[in-house]
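Q: Sharing a structure, written as structure tokens. Questions coming.
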Amino acid sequence: MTRPALPVVQAARDAASRMADRATPFIFNAWYVAAFADEVGRHLFTRRLLDRQVLMYRTKDGRAVAFEDRCAHRSYPLSAGTLDGDTVVCGYHGFRYDAQGDLIEVPAQPRCPRGVGVRNYPVHESGPLLWIWMGDAPADLDALPDHAWLRDPAWTCSQGYIHLRGNYVSLHENLLDLTHLSYLHAKSFGTPDYAAAAFRAEIEPGRFTLLRDVVPTTLPPVWAKPTGLENYPNAARIVRSAFLSPALHTVAVRFYDNALAEGERAEFQIRTAHMPTPETHGSTHYFIVNGRDFAPEQDWITAHMHDHLFRAFQEDVDGLELLEHVLERDDPQAFEISLASDRASVEMRKYLKARAEAERAAQPAAPVAAPVSLHAARA
Amino acid sequence: MTRPALPVVQAARDAASRMADRATPFIFNAWYVAAFADEVGRHLFTRRLLDRQVLMYRTKDGRAVAFEDRCAHRSYPLSAGTLDGDTVVCGYHGFRYDAQGDLIEVPAQPRCPRGVGVRNYPVHESGPLLWIWMGDAPADLDALPDHAWLRDPAWTCSQGYIHLRGNYVSLHENLLDLTHLSYLHAKSFGTPDYAAAAFRAEIEPGRFTLLRDVVPTTLPPVWAKPTGLENYPNAARIVRSAFLSPALHTVAVRFYDNALAEGERAEFQIRTAHMPTPETHGSTHYFIVNGRDFAPEQDWITAHMHDHLFRAFQEDVDGLELLEHVLERDDPQAFEISLASDRASVEMRKYLKARAEAERAAQPAAPVAAPVSLHAARA
Amino acid sequence: MTRPALPVVQAARDAASRMADRATPFIFNAWYVAAFADEVGRHLFTRRLLDRQVLMYRTKDGRAVAFEDRCAHRSYPLSAGTLDGDTVVCGYHGFRYDAQGDLIEVPAQPRCPRGVGVRNYPVHESGPLLWIWMGDAPADLDALPDHAWLRDPAWTCSQGYIHLRGNYVSLHENLLDLTHLSYLHAKSFGTPDYAAAAFRAEIEPGRFTLLRDVVPTTLPPVWAKPTGLENYPNAARIVRSAFLSPALHTVAVRFYDNALAEGERAEFQIRTAHMPTPETHGSTHYFIVNGRDFAPEQDWITAHMHDHLFRAFQEDVDGLELLEHVLERDDPQAFEISLASDRASVEMRKYLKARAEAERAAQPAAPVAAPVSLHAARA
């Protein structure tokens, strides 16, 4: 066709204007994975998160801390300085900050100015993850998305990181989408019956879930081998794939032998935590942890699943990077049309957009925090 | 001098403001060469044209088609998908488009939405060229610039492509300019007497021609060898160099032995079609076909002329790329002064600017096409 | 801390708004080093200065000249043309300019237009330096900062150039700052007592000086070896480090044996001229000349000091480039807090900002020079 009819294009654009995309401001008042816990230690580690440069390290007692990576004096990156005990010494003029980010020593003068420091971001360590809160609202541990299984010794996990040259909204959309499996993952994940299987979407406030029960089915090698259900047409594959927060999407799957009665059959669970943290508007830190609740001592299963999964995730990443090239070019002719099967991801993107806009609206005109008590901060 | 007098600079700027340059909007309502015909086949081929990404392929019956390279669903590049019969299947979610660009299948749901598709650009194949029409006005074959000789078996041709990191206006200006030969082509083309020879400009609506008859003259090797007029001071070199459209500039030359009477002498004709298609505002697809109307079976002549010509065209390209580095920097002090000998190119650039502005003015506020009948489009 | 109190941040921002930074317009009405004199000869040499491309060469009688590197006809870089006697011939259409920048020949037509040319920048050669004046105000030799010692045969000098991917304001700030030595130069320059030594600042109109007398002290190897005051705790080190113009900062140091009485002791002087010329807003040509007033025939001293100094200057450059990465990202949360010890550099930056603003205010709306008399210019 020359082009869809004007009302079709207009409706598509109206809908899109309510959905988050790569240009939507970030949501700061949320917990994001800043790093895997084992990345941060007794050295200065810097990473760009939500388009801000963040310095991380551990104090001598093992506590992780995070600051803006910019000296309050002349903007020098603190990560180019040194870690001295629990303090950071700027590499340019020797400004020293304590583990709260407060300036405590200025070599050029005997008295250190009071009430000066670098922004300290609350962090929360939990199992393999280091979460960070970068918003102006008070950090709220209740806002952490559920990831209790990641700290549960019953789960055997492996982890990985991919630097995605694509925006985090597209990644979330990709995760909350079962209809791409047969295409983007034609060679890895998708089995014909699974790809065609129906699914339901559950839309709850801030939580968007796809439910797909494929029974009976034949499992692809990634799951068939670990569960022993190889070349077996009567397997069950029960999938729950859920957006839990801007920083976490969890895929939970149960497998069992459908020939056995409930209660008499073994169930195998695997879960994957997909954790996108925006780096910039066009790039994303993609943290992934995959786990299972069975055969913990079988290292070959860990390796088998990790290899298969990360090959598939790489297919998503390759596709999303191709997509980003299109999106990053401003095209006045562009429009996108959504299907009924996109309902969950459309609602999720509306939710992200609404949160971003609400956060912006709540911000003071000048992007600065309310006055803080220095003495309290130093306590 | 410190600088030309203010009125001189002001006059130069006023004149320049009426002439197209790298910042001028593209002219969409025109035919451009999208590709050489032999580049497009039974595979998905993508190229950026007029700053839009275009997908091309041939249907099973050999017909070339061109679409915007962007799925109507989630903007994925269709060129990263697959060609299946005459249809294109998106690599992300399997959306299938027919050879009209209409969406005909959506795997995620049984019913395909109607009236959705990707923009289909009219193409016209003609000899070695695949022309494309990307404007909103109806494609008009009468608007094709004359290139009948390119389809005429009496002409023996060779073709080439150069990716020019420069804007297409500068290339047109370079083509409609005989005064640079002795400088930019000092080592290849220009012979002293030719460079100094007078020329006339013919200004017609949308057609700008330089006419230069150099008689007698000694031909440079590129022409002397093929015509047999080597080291011969009484040759004639009759040149017509014409801008025929934003997409075509044709140089036509006749050579003969001036010692012989008209009617009794052999005439040798060579022609070059220079076909710039903007890729972006700072880069151009430069398609070139060179041909002759004599000695068709002499392959060495084809090779001889091709090698000499493309070496010279590369000199233009090198110069234009140097020039682009200057032009792409916004310089508030800049001005350009034109000479009487620039008259044809100045008029040509005014024509391009006026067309671009007229096209813009005719556009609806939102850059969308008028509603189309889907049923008609599918017929 | 979460962040300094709002009034602290606001005060820091108010102060910063009066200080030059990488975004501040350049000061054009000043002399800058365009090149070392030995870089410019009988060839076309091009360099970007204050974000303008400048062509330089020497006429047959050895006089250096500088023009804008852009033909007045079609903006072709003149540096891609040829030097013919004292004239420059454009490589595109053969436009010929004399050593005043006046257009004197146009091959395409018998009569050359009058009153056309490229902007000619006054240059002033002085010892190893070629100074350029790029502003619209008349070039004023009285505005040259004092550098007489660079032409004085009593001084034995070596020179070097560093291309700094950082802005020139940060470099000036780095130079007018003795408090970074113990940190950025921990491994090269700074000795513990020197780093901790007090200093005074002298603020004069357009001249900002730091004075530091360290007596007694032990000299670092760079100075100890040339002066013979090695491993000697009773040396004197008398430093004057002064911003003299946007283009020159001079460090002058005297050393002597403090055990000897004034008048009976040898004094050793070294000086370094730091000469930043902005290339763009984010990069700087950093010209350096280092000299001494003793032991002129001792080549090993020249080499020894040069090697040590340039290793230290490279530390500054490395640090400033790290800093530039931070500064070039627009961060709405950013602020910088100054100390009492920053007084000289803060005043210097205010001075640069005020000069830039005054220059802008004095400019005509259109950035063109006042009309000039062509005949006078050609005289």
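The values are calculated or read from the model by the stated rules, or taken from the named source; none is laboratory data. Here the structure is a predicted model, which means the values were calculated and not measured. Cβ placement follows ideal geometry from the backbone for every residue including glycine, while neighbour counts extend to all protein chains displayed. Just the protein is used for accessible areas: all its heavy atoms, side chains included, with ligands, DNA and RNA removed. Shrake-Rupley method; radii C 1.70, N 1.55, O 1.52, S 1.80 Å.
Q: Any idea which of (1) open to solvent by 20 Å² or more (accessible area, probe 1.4 Å); (2) of a type outside the set (Ser, Thr, Tyr); (3) part of a helix (DSSP H, G or I); (4) closer than 30 Å to A:TRP131 by Cα is the one A:MET305 doesn't satisfy?
A: (1)
Q: Could you say which residue among A:GLU324, A:GLU297, A:GLU264, A:GLU279 is outside any helix (DSSP H, G or I), buried (at least 18 other Cβ atoms within 10 Å of the Cβ) and among the acidic types (Asp, Glu)?
A: Result: A:GLU279 is the single residue among A:GLU324, A:GLU297, A:GLU264, A:GLU279 that is outside any helix (DSSP H, G or I), buried (at least 18 other Cβ atoms within 10 Å of the Cβ) and among the acidic types (Asp, Glu).
Q: Is it fair to say B:ILE288 is β-branched (Val, Ile, Thr), at negative phi, part of a helix (DSSP H, G or I) and away from chain C (no Cβ under 14 Å)?
A: Criteria not met by B:ILE288.
Q: Okay, moving on. Can we say A:ASP51 is charged (D, E, K, R) and touching a residue at least 40 places away in the same chain (Cβ under 8 Å)?
A: yes
Q: Of all residues in the stretch A:105-115 being more than 8 Å from every other protein chain (Cβ to nearest Cβ) and in a loop (DSSP other than H, G, I, E, B), which is nearest to C:LEU6 (Cα to Cα)?
A: Among those residues, the one meeting the criterion is A:ARG114.
Q: Would you pick out the residues in the stretch B:329-353 that are free of Cβ contacts under 8 Å to residues at least 24 places away in the same chain and part of a helix (DSSP H, G or I)?
A: B:ALA340
Q: So, one more: Only one residue in A:LEU211, A:LEU219, A:LEU184 is surrounded by fewer than 19 Cβ atoms within 10 Å (Cβ to Cβ) and touching a residue at least 24 places away in the same chain (Cβ under 8 Å), so which one is that?
A: A:LEU211
Q: A follow-up question, please. Here's a check for you: in the stretch C:71-99, which residue that is at positive phi and facing chain B (nearest Cβ under 8 Å) is farthest from the chain's Cα centre (by Cα)?
A: The selected residue is C:GLY94.
Q: While we're here: If you go through the stretch C:251-264 one residue at a time, how many are free of Cβ contacts under 8 Å to residues at least 60 places away in the same chain and within 27 Å of C:VAL289 (Cα to Cα)?
A: Residues meeting the conditions: 6.
Q: Identify, from the list B:ASP136, B:ASP102, the residue that is over 19 Å from B:PHE36 (Cβ atoms), open to solvent by less than 10 Å² (accessible area, probe 1.4 Å) and either modelled with pLDDT under 95 or facing chain A (nearest Cβ under 7 Å) (or both).
A: After applying the criteria, what remains is B:ASP102.
Q: Does C:VAL118 qualify as being more than 10 Å from chain B (Cβ to nearest Cβ), within 24 Å of B:ASP316 (Cα to Cα) and open to solvent by less than 10 Å² (accessible area, probe 1.4 Å)?
A: No, not satisfied.
Q: Just checking, which of B:ARG96, B:ARG111 is under 23 Å from A:ALA198 (Cβ atoms), touching a residue at least 12 places away in the same chain (Cβ under 8 Å), open to solvent by 10 Å² or more (accessible area, probe 1.4 Å) and out of contact with any Lys or Arg (no Cβ under 7 Å at 6 or more places or on another chain)?
A: So the residue among B:ARG96, B:ARG111 that is under 23 Å from A:ALA198 (Cβ atoms), touching a residue at least 12 places away in the same chain (Cβ under 8 Å), open to solvent by 10 Å² or more (accessible area, probe 1.4 Å) and out of contact with any Lys or Arg (no Cβ under 7 Å at 6 or more places or on another chain) is B:ARG96.
Q: Need the failing condition index for A:GLY62 against (1) free of Cβ contacts under 8 Å to residues at least 24 places away in the same chain; (2) open to solvent by 20 Å² or more (accessible area, probe 1.4 Å); (3) within 10 Å of another protein chain (Cβ to nearest Cβ), just the number.
A: (3)
Q: Check whether at least one residue in the stretch A:19-37 is within 14 Å of chain C (Cβ to nearest Cβ), open to solvent by less than 20 Å² (accessible area, probe 1.4 Å), in contact with a strand residue (DSSP E or B) (Cβ under 6 Å, 6 or more places away or on another chain) and within 30 Å of A:ASP342 (Cα to Cα), and report yes or no.
A: yes
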